[in-house]
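Below you'll find the structure, written out as structure tokens, and then a few comments.
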Amino acid sequence: MIKPLGIGVVGAGSIGIRGALDHLCLPDVQSRVLLAGVCDPAPGRADAAAQKYGVRRAYPSYEEMLADPAVEAVTLCSPIGLHYEQGLLAVRAGKHVHFNKTMTVTAAEATEIIQEAGARGVKLVASPGQMLRTANLRLRRMIQDGALGRLSWAVTGAAFGSYHEKESVRGGTDPLTNINPSWYWRKPGGGPLYDMTVYGLHTLTGILGPVRRVTAMSGIAVTEREFQGQRYTTDADDNSLVVLDFGDAIFALAHGTVAGSITEFGQPSIFGTKGSIVGLKWNGEPLDYPGKTEGVSPVQLLPHIKDTVHAQMDEAHVFEDVMQLVDLVREGTPTNATAEHARHVVEIIEAGYRAAETGATQDLTTTFTPPEGI
């Protein structure tokens, strides 16, 4: 019998609580996962999380948690700007790593982590695992089989809005409910491209394949944001349009904007000479895909979600990605939530900002192998 994998949760903030701790403490995963550690720099937060969720140990520092042999893997639930440093430290400590989105801020950071992990035999999984969904795998197969004819263009994206300020872990007075979201508005790693558009970019590139070039326009629309009566300067761009070139005159628009969206969250609209795929509709009719059931979302069909309590919980897709790492480490089960795919999406965002700053179209250097469609 394979023993449970000891996981350390890095950051007991919004995703750490709702995407990791809430799920990993439940009875159905105890034969596969041990909540071995949790760390967070906010006073009292790691201790409060350990007590509430039955975590083996709370740590005041990340480095102390990495020194614990019971922590065999980590899920990085920290702000995006910390992922590179924390991911590299984990790899060098021999720990397997799940990266919450976005994997890193730059492609070079992701490459260094991937190379070191490969040299040390460390496993990596990177969110968001959009291509774990049977609906998206079916979309890829349909396009491969010519369902849309000659492809023309596509669009995906997301708007920032005030989603993060309204999460359940905000506005309270104790360490697990007074979590400040202001890092979402600041560099490095803040802004809607890294935080929200990353979902649609993973789906779009998972379906169509790697991007070759990008150009963009970007800026800051809302210069100040407020949380619990305190004002914060916005220094991460919050209004960006990125044009993607897939080659063969196939183009796409990706937006990370302060308001407004024309696509379903995380799902692109794709157009060709024989029709369109808009969200999960093909030429206006609901898409048929493996496991489809009336009233059941694609997230609820994920392998560790279906027929479980997790299907009704927040951030179930994050839990799924963590379990992809668990299965990869314990059983060698391959995953579509690869670091190479995540690195390519990181480069799209990074190059988009660079294109907006310089006015010059940027050639991309990374690639990945998309999954097989079904």
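Just so you know, all these numbers are worked out from the coordinates, no wet-lab data involved. Quick caveat: nothing in here was measured; it's all calculated off a predicted structure.
Data for the structure
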{"read-out": "Tilt relative to the chain, helix 339-358 - C-alpha long axis, 0 to 90 degrees, to 10", "value": "70"}
{"read-out": "Region 1-141 - Rg over Rh from alpha carbon coordinates, Kirkwood radius", "value": "0.98"}
{"read-out": "Overall form of region 1-77 per C-alpha gyration tensor (a/c, 1.5; a/b vs b/c)", "value": "oblate"}
{"read-out": "Under 23 Å from residue 101, Cα to Cα: lysines that are on another chain or at least 8 residues apart", "value": "123, 166, 187, 306"}
{"read-out": "More than 21 Å apart - percent of Cα-Cα pairs taken over region 182-296", "value": "48"}
{"read-out": "All Cα pairs of region 286-331, percent lying beyond 14 Å", "value": "51"}
{"read-out": "Principal-axis tilt of helix 316-331 within the chain, Cα atoms, nearest 10 degrees", "value": "70"}
{"read-out": "Bridge type composition, the chain - antiparallel percent by DSSP, nearest 5", "value": "55"}
{"read-out": "Phi to ³J(HN,Hα) by Karplus 6.51 cos²θ - 1.76 cosθ + 1.60 over region 292-297, Hz, x for Gly, Pro", "value": "4, 9, 4, x, 10, 7"}
{"read-out": "Value at 222 nm in deg cm²/dmol, rounded to 500, when DSSP H runs of n ≥ 4 in the chain each add -39,500 (n - 2.57)", "value": "-8000 deg cm²/dmol"}
{"read-out": "Principal-axis tilt of helix 107-120 within the chain, Cα atoms, nearest 10 degrees", "value": "60"}
{"read-out": "Shape of region 91-139, Cα gyration tensor, a/c cut at 1.5", "value": "prolate"}
{"read-out": "For region 191-245, average projected area of the Cα convex hull in nm²", "value": "4.4"}
{"read-out": "Residues whose placed amide H lies under 5 Å from that of residue 239, excluding near-sequence neighbours", "value": "219, 221"}
